[in-house]
Amino acid sequence: MTEPGGPSGPGATGPEVEVSVVGVRVELPSQQPIVLLKEAAGDRFLPIWIGAVEATAIAFAQQGVVTARPMTHDLLRDLLSALDRPLQAVTITDLRDGVFYAELSFDGGVVVSARPSDAIALAMRTGTTIRCRPAVLDEAGIAIPDEQEDEVEKFREFLDQISPEDFERDS
């Protein structure tokens with residue numbers, strides 16, 4: 001556990017920014033999963049590289065998939081509920097040497113360090129708000145204006161509707 005307020009240093013200043021989970025994607029050609037967060041009141045996206053197991057856990061939570069036996073993040077949610085210790089907030093706190101850091105915040109000022117992927121998977125199961133420190137968004141966020149985002153979405157829809165045969169020439 002860490003002291004209330006988390007670590008000092010880069011990323012520790014300013015009001016935290018609420019973010020939402022856009023989804024899990026696979027980066028090509030490395031096939032590395034990424035969870036993509038979006039600034040709630042802005043146009044910045046935050047890609048965080050994660051492991052395959054965590055990617056599955058986040059995707060399952062986002063899609064409402066219920067497994068026959070509880071996954072680790074389901075177990076943590078159930079444990080917090082049984083102990084009557086609700087998760088108050090999840091915060092992406094820092095980015096150092098290419099590694100993201102996060103914290104789980106509980107009542108009474110209790111703060112626990114966590115990997116962002118685990119923190120996000122747990123937040124999605126508990127309905128907890130996910131936040132990010134402004135310095136992290138400033139350093140790693142990618143701004144995509146809404147109109148550009150709409151164009152990207154239209155292009156994705158176009159790609160989803162075409163097939164290789166659409167490009168064949170009539171002889």
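Values in this text are rule-based calculations from the coordinates and carry no lab data. All values derive from a computational prediction rather than experimental measurement. Quick reminder, even Gly has a Cβ in these numbers, built from the backbone with ideal geometry, and neighbours come from all protein chains shown.
Ser81 meets the conditions (1) touching a Ser or Thr at 6+ places or on another chain (Cβ under 9 Å); (2) surrounded by 15 or more Cβ atoms within 10 Å (Cβ to Cβ); (3) hydroxyl-bearing (Ser, Thr, Tyr) in every case but one. The failed one is (2). Can you find a residue in the range 121-129 that is under 19 Å from Pro15 (Cα atoms) and of a type in the set (A, V, I, L, M, F, W, C)? Within the range 121-129, not a single residue is under 19 Å from Pro15 (Cα atoms) and of a type in the set (A, V, I, L, M, F, W, C).
So Gln88 clears everything in (1) free of Cβ contacts under 8 Å to residues at least 60 places away in the same chain; (2) within 14 Å of the chain's Cα centre (by Cα); (3) in a strand (DSSP E or B) except one condition, right? Which one? (2) is the only condition that Gln88 fails.
Just checking, which of Ser105, Ser117 is of a type in the set (S, T, N, Q), closer than 24 Å to Glu139 by Cβ and in contact (Cβ under 8 Å) with a residue 40 or more places away in the chain? Break it down stepwise before answering.
Numbers: Ser105 fails: in contact (Cβ under 8 Å) with a residue 40 or more places away in the chain.
The match here is Ser117.
When the range 77-107 is filtered for residues that are of a type in the set (Val, Ile, Thr) and farther than 12 Å from Glu16 by Cβ, only Val99 remains. Restricted to the range 100-119, and to residues there that are among the polar types (S, T, N, Q) and more than 18 Å from Ile34 (Cβ to Cβ), the residue that is surrounded by the fewest Cβ atoms within 10 Å (Cβ to Cβ) is Ser113.
If you check Asp94 against the conditions, is it of a type in the set (Asp, Glu) and surrounded by fewer than 17 Cβ atoms within 10 Å (Cβ to Cβ)? Break it down stepwise before answering.
On the way: of a type in the set (Asp, Glu): yes; surrounded by fewer than 17 Cβ atoms within 10 Å (Cβ to Cβ): no.
Spelling it out, it is not the case that Asp94 is of a type in the set (Asp, Glu) and surrounded by fewer than 17 Cβ atoms within 10 Å (Cβ to Cβ).
When you check Thr67 against the structure, is it among the polar types (S, T, N, Q) and under 26 Å from Ile144 (Cβ atoms), yes or no? Spell out how you get there, then give the answer.
Values: among the polar types (S, T, N, Q): yes; under 26 Å from Ile144 (Cβ atoms): no.
No: the conditions fail for Thr67.
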